[in-house]
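A quick write-up on the structure given underneath.
The values are calculated or read from the model by the stated rules, or taken from the named source; none is laboratory data. The model shown is predicted, which means the values in this text are computed figures rather than measured ones. Cβ placement follows ideal geometry from the backbone for every residue including glycine, while neighbour counts extend to all protein chains displayed.
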Amino acid sequence: MERRLGLGLDTGGTYTDAAVVDMSTLEVLAKAKSPTTYHDLSIGVLGAIDGVLGMKNFDISEIVFIGLSTTLATNSILTGKGGKVGLIGIGWTPQPEFRSGADMEVFISGGHGVWAQQQAPLDMEALKKAIEEMKGEVDSFVVSSHFSVYNPEHERDAARLIKEMTQMPVVMGHQLTSQLGVPERTVTSVLNARLLPVIAEFLDGVERSIQERGITATILVFKGDGTLMNIGMARERPVETILSGPAASLMGGKILCNEDNCIVVDIGGTSTDIVYLDEGFPRISKEGATVGRWRTRVKAIDIWTVGLGGDSHVVSDQRGLFKIGPERVVPLAIASSSFPGLKEKMKATSETNYYTHVERGTSKLTSRERAIYDFIKINPISTLDEIRVGVPDVFTYRDVVKRLKDRGFLQMTGLTPTDFMHVQGFFERFDVEAALLGVQFMANWGNMSLEDYIVSFNQEMITRVGEEVMRKVLLDEAGEIPENVGFNYLLRSSVQGNKDSSIQMTTRMDRPLIGIGAPTHIYLPPLEKRMDVKVIIPMHHDVGNAVGAVCSQISETITIQVFQDKDNRFFVLTPFGPPVTYGHIEQAVGSARRQAEEYVKNRAYEAGAENIRVRSDINEKKFYGGVNVEGEQTAWVEVTARATGEPRVIVKPKRSD
């Protein structure tokens, strides 16, 4: 029988991982890593693909699926990257503090009410004027109407007119979520529109890379809720790839360990992500994903993320107390591989922090910003003092350098966990000597021997990982956690992180910790004793995200509400059509179930699924009727349908020479 293989690809913050998986046995046949290339992610993808193809223990024709998870959407939102968006809000006026994220926005009359009734006619003249004003200034439009999830008529009318007048992409709020909340729905839609050109460029590059290697497999993209969609849907709904990297690591942990109840801890280059798995399913955020300051209605896993990874900046004082992260820097071992003169400069200056430029367009920089950027471009690996001397006219050089670094125009080198791992022999890919110089400098600063300094760092890194696991556990159990010195001290004590403390605390976890990511085999196992928890580091943990990216299913979900009005009529309210009224609740609920099941089945098929299974659940929302009404009364009914299926193989013609 011919094997069906999947190629999983994960573009992480530091590395792009690839893994070839037998889809029947879930055996990992090949794996590889390549540095993530931010200026063009497809270069790193191609490097990882070439790495697994070089293993030569399978045939390219056996690859039928390619699963792709990426941090691109999340990072683009955090850095403000993307196309320009024009927002047209219909039937609502935002609060003064509301920020949609759009480049231009207009609010016009129209929209619908809570019973899906028209609250005002759509103002066509105002709509036409808004379109005319925006069409030469933006790359795409968003229309977001009041209660469009109950009646999308005005959004559809506005989108139709925009298409006629501009031929430009239009995102409608009701297409991305069936949840109430017009501000969050609007933000979700604006972010989706902004990401359209970003994700299109990335997916075009991935398709080219795959075609160049003669692979004709079906491409699937991982979503933030742990499921897949085809590449066509990913182009239309890129916002759904938010948090797809952590979701892929969760799936990878499940696949590699065959554990249905666990906590997956993914220690990557940029961050540590911690996620619960219950009965084989991830916990989903009830309110939708939050990225930076943007609250969305994107369905995504409930994740705890902290800036603690291989590239986190490590600093220590003369008492030997460490601070690890959240700032991210270029590890000395990696920087020296790119700048051969770094070691000599380190020996001359006893510094570890140097600045290098990132090749980007500078048209939006101020004159002071450009002066410093150009100086560093000509003089790479510059210290702050060299920048002060080299650009004497910029008196606030420290603030300008920080601003350029925060915006991604500059990078800073520094001591990191990656350097400690090189010094200890765990990794040898980059310059061990440069890493050793950095560790020795900081050990001398702390009046410690090299060996004692390394031991102290390891203990602190283990404590920090344990602390974050406990934060996630407490947050899920208690709902919220305080932030103060006393609480943080007790938190450290719970993972035995306080030396010579009179408080001795013990913990016991009811589920294992699953380690995903290259450094987890170093920093997670010691927690087994500290926290009385089983720790599992699976084989191929270093490419767990890539494994998870190709080993999932396609799934679509929707919730439809049924309401009763004062005349005892029952309304079925959906985001894909006008409301329908019924005389009996059984008829209304039956109709809602049929519509919901048909909708998700069609959506799953469009997303690339086959062998589709559909289930629906009915949830009555009740209230107590008061003194004169006996028992509970039904306020409304929610009908939730979920369709799940396996990815469908799309046979493509092989390229001829």
Selection over the stretch 11-31 where residues are in a strand (DSSP E or B), in contact (Cβ under 8 Å) with a residue 24 or more places away in the chain and farther than 13 Å from GLY269 by Cα yields a count of 8
Considering only the stretch 66-85, state which residues are surrounded by 17 or more Cβ atoms within 10 Å (Cβ to Cβ) and at pLDDT below 90. THR70, THR71, LEU72, ALA73, THR74, ASN75, SER76, ILE77, GLY82
Give the residue, chosen from VAL572, VAL580, VAL562, that is free of Cβ contacts under 8 Å to residues at least 12 places away in the same chain and within 19 Å of TYR150 (Cα to Cα). VAL580
Looking at (1) under 23 Å from VAL264 (Cα atoms); (2) modelled with pLDDT of 90 or more, which is the only condition ASN488 fails? (2)
Do we find that ALA434 is in contact (Cβ under 8 Å) with a residue 24 or more places away in the chain and either within 19 Å of THR352 (Cα to Cα) or surrounded by 15 or more Cβ atoms within 10 Å (Cβ to Cβ) (or both) in this structure? yes
Scan GLN424, GLN440 and give me the residue that is surrounded by fewer than 22 Cβ atoms within 10 Å (Cβ to Cβ) and either β-branched (Val, Ile, Thr) or under 20 Å from GLY325 (Cβ atoms) (or both). GLN424
The stretch 74-123, residues that are touching a Lys or Arg at 6+ places or on another chain (Cβ under 9 Å) and either of a type in the set (Asp, Glu) or in a helix (DSSP H, G or I) (or both): ASN75, SER76, ILE77, THR79, ASP103
Output for the stretch 258-270, where each listed residue is touching a residue at least 12 places away in the same chain (Cβ under 8 Å) and either buried (at least 24 other Cβ atoms within 10 Å of the Cβ) or more than 19 Å from VAL473 (Cβ to Cβ) (or both): VAL264, VAL265, ASP266, ILE267, GLY268, GLY269, THR270
Any hit, the stretch 347-358, residues being in contact with an Asp or Glu (Cβ under 8 Å, 6 or more places away or on another chain) and surrounded by 14 or more Cβ atoms within 10 Å (Cβ to Cβ): no
Residues in the stretch 385-439 that are closer than 30 Å to ARG368 by Cα, of a type in the set (A, V, I, L, M, F, W, C) and at pLDDT below 95 total 11
Would you please name the residue that is surrounded by the most Cβ atoms within 10 Å (Cβ to Cβ), looking only at residues in the stretch 229-250 that are closer than 20 Å to ILE63 by Cα and over 14 Å from the mean Cα position of the chain (by Cα)? MET229
Which pairs have Cβ atoms under 9 Å, sit 6 or more apart or on different chains, and link a residue in the stretch 60-71 that is closer than 14 Å to LEU9 by Cα to one that is of a type in the set (Phe, Trp, Tyr) and in a strand (DSSP E or B)? GLY67/PHE222; LEU68/PHE222; SER69/PHE222; THR70/PHE222
Residues of the stretch 563-584 that turn out to be surrounded by fewer than 16 Cβ atoms within 10 Å (Cβ to Cβ) and not in a loop (DSSP other than H, G, I, E, B), as a count: 1
Test of understanding: among GLU428, GLU451, GLU477, which residue is assigned to a loop (DSSP other than H, G, I, E, B) and of a type outside the set (Gly, Ala, Ser)? GLU428
All strands (runs of 3 or more DSSP E) inside the stretch 275-345 with 3 or more residues being closer than 30 Å to HIS357 by Cβ and in contact (Cβ under 8 Å) with a residue 12 or more places away in the chain: 312-316, 322-328
Can you confirm whether the stretch 579-594 contains a residue that is more than 21 Å from ARG237 (Cα to Cα), modelled with pLDDT under 90 and in contact with a Leu (Cβ under 8 Å, 6 or more places away or on another chain)? yes
